[in-house]
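Accompanying notes for the structure given below.
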Amino acid sequence: MTTILNRWGHQINRKRVQRLMQKMGLEAIYPRPRTSRPAPQHRIYPYLLRGLVIDRPNQVWSTDITYVPMPQGFMYLVAVMDWFSRYVLSWRISNTLEVDFCLEALDEALSIGKPEIFNSDQGSQFTSPRFTRRLEEEGVPISMDGRGRALDNIFVERLWRSVKYENLYIKSYDTVPHLDRGLSDYFLFYNEERPHQGLNNQVPADLYLGKEMPIDNKNAIYLKSAQNWTLFTSHCDYAAFFRGKSSSTVMGMFAVLGLYKWCSSILAYRSSSNAFLIVCCFRRLYRVF
């Protein structure tokens, strides 16, 4: 901000910009202090998912904590997810990083079913004897990510991205009750209505409850979509590129793109036959227009 103002001809230093931004309540959106802090005295369990083929509900559950920005500070959100179906079994919010809200989420999830393996990071909440004892009482093997390996828990990380960019950053909840209601609505939508490209456009609830056919070609979908996107980036005439492409091909490419490129890309595709479909799907999924 200071650099931009100086380039515009305003002589101002960083401290004044900082003071004025604080006075106006302006701040950048950025990751807060780490939510996964290890406790050296707690036992660390081995990672059990390496090379494992996950092909059924309740085979692997995982959990993680993320921060939720608020007008005054921030809250913490924990969720328990079924890896195969991406179904969010339970979630809780808290203004502290104590283990209690994680235990509440775990107890609710265990009231629905029981996993063959439970995976988490090495945060002190999940290595706490109270948390691991609860899983051991149920006879559930515990798996933990390697330190600094966020991709070991990739599906929950992807969930956090969806929650933040599809709901939290758009809604900007101003109170905790408002946040609680908003997250309740969003997770209901996420489980019951939101189709996932990686699930053959099924919704998590149908897959978790066994209402849909098993996934047998998700890797092929992503590979084909990635190839299409590589071809597209080298193509000059965007409208001509999309002419004749099927809707599934177009939407598969956007699954690879992710949310970040949607807005700018839609403008480039407006003359293609799939432009109206793209805009409608974007409005339905992300609710920002």
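Reported value for segment 60-208: 108 Å³ per residue, from the convex hull of its C-alpha atoms.
Ordered by the number of other Cβ atoms lying within 10 Å of each residue's own Cβ, fewest first, Trp91, Trp61 fall into the sequence Trp91, Trp61.
Remark: segment 65-77, residue by residue, has Karplus-estimated 3J(HN,Hα) of 10, 9, 8, 10, x, 10, x, 10, x, 7, 10, 10, 10 Hz, where x stands for each Gly or Pro and the curve is 6.51 cos²θ - 1.76 cosθ + 1.60 at θ = phi - 60°. Computed from the C-beta positions of Ile44 and Tyr165 and an R0 of 25 Å, the FRET efficiency is 0.20 to the nearest 0.05. Rg/Rh for segment 53-147 (Cα atoms only, Rh after Kirkwood) is 0.97. Give me the one-decimal nm value for the distance between modelled label points at Glu116 and Ile93, 7 Å along each residue's Cα-to-Cβ direction. Here the modelled spin labels are 3.6 nm apart.
Throughout, read-outs are computed from the coordinates displayed, never taken from laboratory work. Keep in mind that this is a model prediction, so the values were computed, not measured. Every residue, glycine among them, receives a Cβ derived from its backbone with ideal geometry; neighbour counts consider all protein chains shown.
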